[in-house]
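The structure appears below as structure tokens.
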2 protein chains.
Amino acid sequence: MTQQHDDAFLADWAVHTRFGAVPGTNGVDRQAGTEPDGEQRRWFAELLESHGFTVKRDEIGNQFGLLELVPGAPYVLTGSHMDSQPTAGRFDGAYGVMASAHACFRVADELRADPSKARYNLAVVNWFNEEGSRFKPSMMGSSVFTGKMPLEDALATTDHAGVSVAEAMGGLGELGEKLGIDVASYAEIHVQQGRSMEEDGVTIGLVDATWAAHKFEFKVTGEQAHSGSTLMADRRDALLGAARLVVAARELVDRFEPEALHTACGELNVYPNSPVVVASEVGLLLDLRSPSAEVIREAHRMLMETVEQVQREDRVEIEVVAEHSWDRNPYPEAGVALAAEVAAELGLTNSRVMTVAGHDSTNMKDDVPTVMLFVPSVNGVSHNLNEFTRDEDLIAGLNQLTGVVRRLAEGALTE
Amino acid sequence: MTQQHDDAFLADWAVHTRFGAVPGTNGVDRQAGTEPDGEQRRWFAELLESHGFTVKRDEIGNQFGLLELVPGAPYVLTGSHMDSQPTAGRFDGAYGVMASAHACFRVADELRADPSKARYNLAVVNWFNEEGSRFKPSMMGSSVFTGKMPLEDALATTDHAGVSVAEAMGGLGELGEKLGIDVASYAEIHVQQGRSMEEDGVTIGLVDATWAAHKFEFKVTGEQAHSGSTLMADRRDALLGAARLVVAARELVDRFEPEALHTACGELNVYPNSPVVVASEVGLLLDLRSPSAEVIREAHRMLMETVEQVQREDRVEIEVVAEHSWDRNPYPEAGVALAAEVAAELGLTNSRVMTVAGHDSTNMKDDVPTVMLFVPSVNGVSHNLNEFTRDEDLIAGLNQLTGVVRRLAEGALTE
């Protein structure tokens, strides 16, 4: 690719990062279905159309740019998500969408010049609500697209203010019809949400598996009481019970080898949350993650022992309202091998990596041949205003993704 | 007093408890400045007017019923608050206002019949926002009335939705002018928010002091990060730090004699509070309370050791954003003695009690001779839908308060 191509990408990237910009920072706040999300979608539609792509939204608001080169043929699909966490970095997801668009622009120009090479058509996707911060669960758009989540459930999901997905996305004019295309294969690129690639001096990560995980939604039930005058022995304090679970989850980590287990509680809601009332109910989300399913099972067992202990000692009830878990989950080997070939051709350092976080490709890989790529992130800072990836790595990733899309359009992985 | 008087009170009480009723329960949700608070105030104004009282609101929305018996003389003031915590009991505060109104109705009838006995005029008050759940701090109305909180600060205080006191109370038509009356003395009655009186078989509590307390608003600052992929060693988890403080506060209790120390955290707010983001900031309110100021000082020292330890071990910053403390704080002995005399005359069992919770009388007692009374609460259940006091105790308390108001109107404590 030429310097001109790279400059064009960086110019569009610079415009793109201004939608939902958090004043005085390099980061963004562009949660799914908000006005900044809508503004960015409108701008992105114009960008796609200016390169000859036709823009469509499907029934959950996934945004597609379609280019038909081979009438009636299936599509090579590539993309990620433009929605963000609150006060987050500008790279997460958005880099993948912008790189996908520019990879398709480049491959489209090549195939228009030499139409005999095209086996498939090209499509770019901006998946709806990958983050799951405003509307839960995460990866909603790709879950509906792949039939893993019913459309009706997704549209009826509400945020904390009671606004539904149907209302938010309908209000932005971003809901369309079911998309009638066949997808031949899928490619996605993302910044690594960790620091191993930077430490190892690797430019391209060939994602070969996701970590195993067990995610819980707990409800801790106590009893409202005056937080000053009620005898300590009479209290059934839901917030105390919840706090013990948060601390216990962190302490679990130290019972395993270093980095064998990640645990977290990121969301916790207290009722009635008043300064002089002992809380009667606390909801919290708690995750266990590990490269080893065996570690997850053992940590799960230990956590449930703590749950029993807290129920007994603090006289609260702890209910698992919802939980879901998955085993260590491999990406298809053929996709890893294809990506390694492309990286070798481009002279880019590369190695296999696992992903701890989920991605829309986690949904797509179960249906079609899929390639998942990473570029490095400085210090692995993620879901943070200060997330940063260097321009040279953005460009290297774009070239890598372009090479993969080119191969896929010519029939790789599907013949 | 006659059965007819008691029945009149119970009839009005039954109407009164329906404002802000929580469906399917005996309790109420009538936070300060909400529509149910406004409905109740309009009804209460009509009740006062029907007994010949003139209704006025002052500049922060304290609601007064005034009866001038001695032209130009100061007023005996009696009252409490009708606002509640979310999903709270129907007795807390509201019993005191309703008992005050009926005590004044009775004494007014007596003094109209024999005007020579009246030294002072009579006033009932429904203090604005004693609870401090929607608008902080608590005891806002009586703090402004006694000059302890600037009016401008109170009016500018906003709730979680950004609505100010000025907007909420102005919208209800419940803001008036500064009240131009002199207060000679003050009396208040409340349900005990504890179970000692019930256990000891005491009908009238003569409140002689408040517990010592130290209240903290902590801000725990960490750093946003991906809650799955960020290495555990890299995390600075504000929610983990906050949870450790909540647990530590409870553990402090066990380092002292039984019931020497009460601790609580009732309110805790997480940012960004998203399932896959390590929290960057958590605000929490934490209280220490004790009948002994020495215990408070020692518990404070221990808590600060924990703060240092959590900052060090979990790499978070913990800031005391605000704190206020008070020593064990006595009520005037003359008021306690007067209340004991009245109880003896009525043949009501009585004893001295301390209050753990603050009351509007805590503000008033610093300015004027003050009497604070309790009636029992079954099992001491407080700030809970199931709070309950028996009718016979409500009536006994009304008779006691009537006796105190009669004595005050005749000049007791002020001559």
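The values are calculated or read from the model by the stated rules, or taken from the named source; none is laboratory data. These numbers were taken from a predicted model, which means no experiment stands behind them. Backbone-built Cβ (ideal geometry, glycine too); neighbour counts: all protein chains shown. Note: areas computed on protein heavy atoms with side chains; ligands, DNA, RNA excluded. Shrake-Rupley method; radii C 1.70, N 1.55, O 1.52, S 1.80 Å.
Values for this structure:
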| read-out | value |
| --- | --- |
| Rounded if a/c under 1.5, otherwise prolate or oblate - segment A:290-378, Cα gyration tensor axes | prolate |
| Residues with amide H under 5 Å from that of residue A:28, placed H, sequence gap 5 or more | A:22, A:88, A:89, A:90 |
| Burial order of peptide ranges A:361-372, A:313-324 (average beta-carbon count within 10 Å, highest first) | A:361-372, A:313-324 |
| Phi to ³J(HN,Hα) by Karplus 6.51 cos²θ - 1.76 cosθ + 1.60 over segment A:21-38, Hz, x for Gly, Pro | 4, 8, x, x, 9, 8, x, 9, 9, 9, 5, 4, x, 8, 4, x, 4, x |
| Computed FRET value (nearest 0.05) for residue A:199 with residue B:42, which takes r as the C-beta separation and R₀ as 56 Å | 0.25 |
| Portion, in percent, of the accessible area of chain A that falls on carbon or sulfur, probe 1.4 Å | 49 percent |
| For peptides A:399-411, A:101-113, sequence by mean Cβ density within 10 Å, most packed first | A:399-411, A:101-113 |
| FRET efficiency, 1/(1 + (r/R0)^6) with R0 25 Å, evaluated for residue B:251 and residue A:304 via beta carbons | 0.60 |
| Eligible lysines near residue B:56 by straight Cα distance, threshold 28 Å, same-chain separation 8 or greater | B:117, B:136, B:148, B:178, B:365 |
| Contact order normalised by residue count of chain B, Cα under 8 Å, 6+ apart, percent | 23 percent |
| Chain B residue with Cβ closest to the axis mapping B onto A, distance in whole Å | B:243, 2 |
| Acute angle (nearest 10 degrees) that the helix A:94-113 long axis makes with the longest principal axis of chain A, alpha-carbon atoms | 20 degrees |
| Accessible surface buried upon A-B contact (total; probe 1.4 Å; Å², nearest 100) | 5200 Å² |
| Residue-averaged beta-carbon neighbours from other chains (10 angstrom radius) around B:256-268 | 6 |
| Heavy-atom surface of segment B:128-259, accessible at 1.4 Å and reported per residue (Å²) | 36 Å² |
| ³J(HN,Hα), Karplus 6.51/-1.76/1.60, whole Hz, each residue of segment B:225-232, x for Gly, Pro | 7, 5, 6, x, 8, 5, 4, 4 |
| Shielding score for A:28-39, defined as the mean number of other chain Cβ atoms within 10 Å | 0 |
| Cubic angstrom per residue, convex hull over Cα atoms of segment B:149-301 | 213 Å³ |
| GNM top mover of A:58, A:83, A:237 - chain A, alpha-carbon springs below 10 Å | A:237 |
| Overall Cα dimensions of segment A:213-326, principal axis frame, Å, largest first | 48, 21, 19 |
| Positive minus negative residues near residue A:372 (Lys, Arg vs Asp, Glu; Cβ under 9 Å) | -1 |
| Residue A:183 long-range amide H proximity, modeled H, under 5 Å | A:75 |
| Label geometry 7 Å along the beta-carbon vector: residue A:181 inter-copy distances in nm | 7.6 |
| Other copies of residue A:15: label-to-label distances in nm, shortest first, labels 7 Å along the beta-carbon direction | 6.8 |
| For residue B:79, residues with placed amide H under 5 Å, excluding near neighbours | B:125, B:187, B:189 |
| Residues in segment B:271-298 occluded by at least 10 Å² - accessible area, probe radius 1.4 Å, against chain by itself | B:271, B:272, B:273, B:274, B:275, B:276, B:277, B:285, B:287, B:289 |
| Complex-versus-alone comparison for segment A:87-107, residues with a loss of 20 Å² or more in accessible area, probe 1.4 Å | A:87 |
| Label point distance in nm, residue B:341-residue B:109, each placed 7 Å from Cα along Cα→Cβ | 2.5 nm |
| Exam field: residue B:70 pseudo-label spacings to other copies (7 Å along Cα-Cβ), nanometres | 10.3 |
| Where labels lie 7 Å past Cα in the beta-carbon direction, separation of residue A:158 and residue B:59 in nm | 4.1 nm |
| All-pairs Cα distance distribution in chain A, expressed in whole percent, bin size 10 Å | 5, 21, 29, 24, 12, 6, 2, 0, 0 |
| Helix-only [θ]222 nm of chain A, DSSP H runs n ≥ 4, -39500 (n - 2.57) each, per residue, nearest 500 | -11500 deg cm²/dmol |
| Per residue convex hull volume, Cα atoms of the protein assembly as shown, in Å³ | 157 Å³ |
| Calculated from backbone phi, Karplus (6.51, -1.76, 1.60) coupling profile of segment B:191-208 in Hz, x at Gly/Pro | 6, 5, 9, x, 10, 5, 5, 4, 5, 8, x, 9, 8, 10, x, 9, 6, 10 |
| Rounded to 5, the percent of DSSP beta bridges in chain B classed as antiparallel | 65 percent |
| Other protein chain Cβ atoms within 10 Å, averaged over every residue that makes up B:59-71 | 0 |
